[in-house]
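Q: Here's a structure for you.
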Amino acid sequence: MNKAISVYTDGYTEYVVGQLVGIKGKSKSDVVNYILKTWMEVNKNELNIMGIDIQKAKDAGVFKK
């Protein structure tokens, strides 16, 4: 299930995201989602240290339809 969020950013970040449309996603939203998922994968150990993990997400009902 997809969830919507709003992001406010500076002009350069918006420019880079726009340039990645067609390369990393079909829209700016797709590109930002790709960037966030990549960051979470790279930093999963840090997230675990902070107590943020898949099991807690499941317990919180994140994956319910």
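The numbers here are math on the coordinates, done by the rules we state, and not lab data. The structure presented is a predicted model; accordingly, all values stated were derived computationally and were not measured. Here the Cβ positions follow ideal geometry from the backbone for every residue, glycine too, while neighbour counts run over all protein chains shown.
Q: Would you check which residues across segment 21-33 are over 16 Å from residue 1 (Cα atoms) and surrounded by 15 or more Cβ atoms within 10 Å (Cβ to Cβ) and list them? Let's see the steps before the verdict.
A: Taking segment 21-33 first, the residues over 16 Å from residue 1 (Cα atoms) are 21-28, 31-32.
Residues satisfying the conditions are 24, 25, 31, 32.
Q: Restricting to helices (runs of 4 or more DSSP H) lying wholly in segment 20-65: which have 3 or more residues that are under 13 Å from the mean Cα position of the chain (by Cα)? Break it down into steps so the answer makes sense when it comes.
A: Values: elements: 28-42, 44-49, 54-59.
Qualifying helices (runs of 4 or more DSSP H): 28-42.
Q: Consider segment 1-14. How many of its residues are exposed (fewer than 11 other Cβ atoms within 10 Å of the Cβ) and either in a helix (DSSP H, G or I) or in contact with a Pro (Cβ under 6 Å, 6 or more places away or on another chain) (or both)? Give the derivation first.
A: Of the residues in segment 1-14, the ones exposed (fewer than 11 other Cβ atoms within 10 Å of the Cβ) are 1-6, 8, 10-12.
Still in the running and either in a helix (DSSP H, G or I) or in contact with a Pro (Cβ under 6 Å, 6 or more places away or on another chain) (or both): 11-12.
Qualifying residue count, segment 1-14: 2.
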